[in-house]
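Worksheet for the structure shown next.
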2 protein chains.
Amino acid sequence: MRIVALAGGIGGARFLRGLKAAVAPGDEITVIGNTGDDIHLYGLKVCPDLDTVMYTLGGGIHEEQGWGRTDETWSIKAEMKEYGIGPEWFGLGDRDFATHLVRSQMLTAGYTLSQVTEALCVRWKPGVRLLPMSDDRVETHVRITDEAGTRAIHFQEYWVRLHAAVDAEAIVPVGADTAKPAPGVLDAIAAADVILFPPSNPVVSIGTILAVPGIRAAVASAAAPVVGLSPIIGGAPVRGMADKVLTAVGVETTAEAVARHYGSDLIDGWLVDSADAAAVEAVEAAGITCRAIPLLMTDVEATAAMARAALELAEQVRR
Amino acid sequence: MRIVALAGGIGGARFLRGLKAAVAPGDEITVIGNTGDDIHLYGLKVCPDLDTVMYTLGGGIHEEQGWGRTDETWSIKAEMKEYGIGPEWFGLGDRDFATHLVRSQMLTAGYTLSQVTEALCVRWKPGVRLLPMSDDRVETHVRITDEAGTRAIHFQEYWVRLHAAVDAEAIVPVGADTAKPAPGVLDAIAAADVILFPPSNPVVSIGTILAVPGIRAAVASAAAPVVGLSPIIGGAPVRGMADKVLTAVGVETTAEAVARHYGSDLIDGWLVDSADAAAVEAVEAAGITCRAIPLLMTDVEATAAMARAALELAEQVRR
């Protein structure tokens, strides 16, 4: 079976680990990773979501933190502070830097981000085929208003420096309108037997992937059933600050509203948490088959059960 | 008093530390640093000699090693090995990497190496004005013949990987013929009250600086006395493998031969070690005033005594 999953960072990566544990031998998983979080720091190209997937599935992630490397050292960060060079709010450990150095050196040499990602995965062996959504530069910016006025800042600055404490007025995936899907992305969607939306951020992770021209249409017209898992439980994001960016795009922070936001033209099935069982009827009224199951990714087994439920729902909604 | 010193890496840096201890308050030291050892690694510009001077005078050097940073960590090097990306033979610690990241980012942004060096020195406060010999790329290559045939390799590969164990057939400062002295270099030489050649490598350190068009002529025609200190004691280099590169340019590994190699058109005074007192007469016969004193830089005080002797000799040969 060929499974395609669209994925952001921490939530997506943890779901994929459960998915790997749930699938049968021989099943193939292709991950289309969000690159809208990418940022250039110290002259290097940093791809937080791709790396989080790669490190998590490859056994190099800092487990508690959810991002960055295990057994990390922070010498460069300390030195940058001595040099007075920021941003101090973005944590890049020394081991992590090595990845960005390798990536940046390959990009400068003319390789595409797809090729670089494939090369990095030779080491990490994530057990999935990891594709960036696009080889073109896309950068999610957030419009805010604070004492400095109204302005657009990089998503990482909004998320990591400001902790989304300021209201997001708009989310703009800069460059997405002219970006092309990376090689293999549309083919994988077209050839998929199942397409999954992990409980990633619907706006700045999966939403950004869908904003690359051609990807949304490919998912909508795919022969495969499309099943998503709600990142919202009981009216709040399980992790992160999705409520802030949902509000910016006019979507309520509920499992039902996110399902309607994707819409029945895009998704066929939707899993909500048992706590949101009351939402099942309303989601189904929107033309999306819905089930309520436990959706907390407390460990790999619990996450694998979620993945199995998603795959079962896909069979139920298969046309 | 305005003192100009041409300097390579470890030997030059240690001499400069002694010189700083020897000069009077208000004396100004300008260091013209060799950049022929520079190498591009992992997409970054690495300037080993400039950094060794900067770290040594700024209090960040690994004392025993003579190069690199104190309290260093090696996470990136370990990661690069995991990625299968070399060269393994070149040791760049994590703290050191920060310097190369800052430098490379500034160079990419359009700043010159002079400007970058000045910016880095804002942190390091070396107590001297550190100028690269040139803002243009110059790279010392070494012609060797081994089982792979006759070929030119980067000086760092010859020195660090091969430990100069293969004969050097020629030393070529690639790019030197079209390089221009960095801003301030010729002015500093012209305005100097004393010009010093520390006991750096006469071929690949000071020789490379002199190979930048205009610098040799400026030193030769400078009003200031020029005094050098022999890096050769008792027929062998105190440190490093200068004998290999001296042989490549047809110069014997003796204190006298190095003085003659510089020549009386370039240097006015020459200090040899007490062990080479017998060479004084021959050096003076070549038109260079010569003194024999202890030349081992065992500690800062011993090195300061060498610097004082060099400054005294400069007064004696002042025209």
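The values are calculated or read from the model by the stated rules, or taken from the named source; none is laboratory data. Fair warning: this is a prediction, and the values are worked out from it, not measured in the lab. Using ideal geometry, Cβ is built from the backbone for each residue, glycine included, and neighbour counts are taken over all protein chains shown.
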Practice problem: Test A:GLY287 against the criterion of being surrounded by fewer than 22 Cβ atoms within 10 Å (Cβ to Cβ), among the small types (Gly, Ala, Ser) and either under 21 Å from the mean Cα position of the chain (by Cα) or modelled with pLDDT of 95 or more (or both), and give yes or no. | Solution: yes
Self-check item: Filter pass, A:GLY11 being crowded, with 23+ Cβ neighbours inside 10 Å and in contact with a strand residue (DSSP E or B) (Cβ under 6 Å, 6 or more places away or on another chain)
Solution: no
Exercise. Collect the residues in the range A:274-283 that are surrounded by 15 or more Cβ atoms within 10 Å (Cβ to Cβ) and among the charged types (D, E, K, R), keeping them in residue-number order.
Key: A:ASP276
Self-check item: Residue count for the range B:8-57, restricted to those that are small (Gly, Ala, Ser) and more than 14 Å from the chain's Cα centre (by Cα)
Solution: 6
Quiz item: Would you say B:ALA164 is within 18 Å of the chain's Cα centre (by Cα), among the aliphatic types (A, V, I, L, M) and either at negative phi or away from chain A (no Cβ under 14 Å) (or both)?
Solution: yes
Quiz item: How many of the residues in the range A:70-87 are modelled with pLDDT under 95 and under 24 Å from the mean Cα position of the chain (by Cα)?
Solution: 1
Quiz item: Do you know which residues across the range A:196-243 are among the β-branched types (Val, Ile, Thr) and over 14 Å from A:MET133 (Cβ atoms)?
Solution: A:VAL203, A:VAL226, A:VAL227, A:ILE232, A:ILE233, A:VAL238
Quiz item: So is A:THR117 under 19 Å from A:LEU131 (Cα atoms) and part of a helix (DSSP H, G or I) or not?
Solution: yes
Exercise. For the range B:60-106, name all the residues that are more than 10 Å from chain A (Cβ to nearest Cβ), free of Cβ contacts under 8 Å to residues at least 40 places away in the same chain and surrounded by 17 or more Cβ atoms within 10 Å (Cβ to Cβ).
Key: B:HIS62, B:GLY68
Quiz prompt | Unique match (being touching a residue at least 12 places away in the same chain (Cβ under 8 Å), within 14 Å of chain A (Cβ to nearest Cβ) and not aromatic (Phe, Trp, Tyr)) among B:ARG143, B:ARG123, B:ARG129 | solution = B:ARG123
Quiz item: Among B:VAL102, B:VAL128, which is the only one that is assigned by TED's automatic domain parsing to the domain that holds B:TYR42 and within 19 Å of B:ILE32 (Cα to Cα)?
Solution: B:VAL128
Quiz item: Which of the strands (runs of 3 or more DSSP E) contained wholly in the range B:142-250 include at least 3 residues that are buried (at least 20 other Cβ atoms within 10 Å of the Cβ) and in contact with a helix residue (DSSP H, G or I) (Cβ under 8 Å, 6 or more places away or on another chain)?
Solution: B:194-197, B:226-229
Practice problem: Answer yes or no as to whether A:ASP37 is within 26 Å of A:ALA164 (Cα to Cα), among the charged types (D, E, K, R), crowded, with 23+ Cβ neighbours inside 10 Å and within 14 Å of chain B (Cβ to nearest Cβ). | Solution: no
Exercise. Mind counting the residues in the range A:107-120 that are away from chain B (no Cβ under 11 Å) and among the small types (Gly, Ala, Ser)?
Key: 2
Self-check item: Residue check for B:MET297: of a type in the set (A, V, I, L, M, F, W, C), touching a Lys or Arg at 6+ places or on another chain (Cβ under 6 Å) and outside any strand (DSSP E or B)
Solution: yes
Quiz prompt | Cβ pairs under 9 Å, 6+ apart, first in the range A:298-319 and without any contact (Cβ under 8 Å) to a residue 24 or more places away in the chain, second in a loop (DSSP other than H, G, I, E, B) and crowded, with 22+ Cβ neighbours inside 10 Å | solution = none
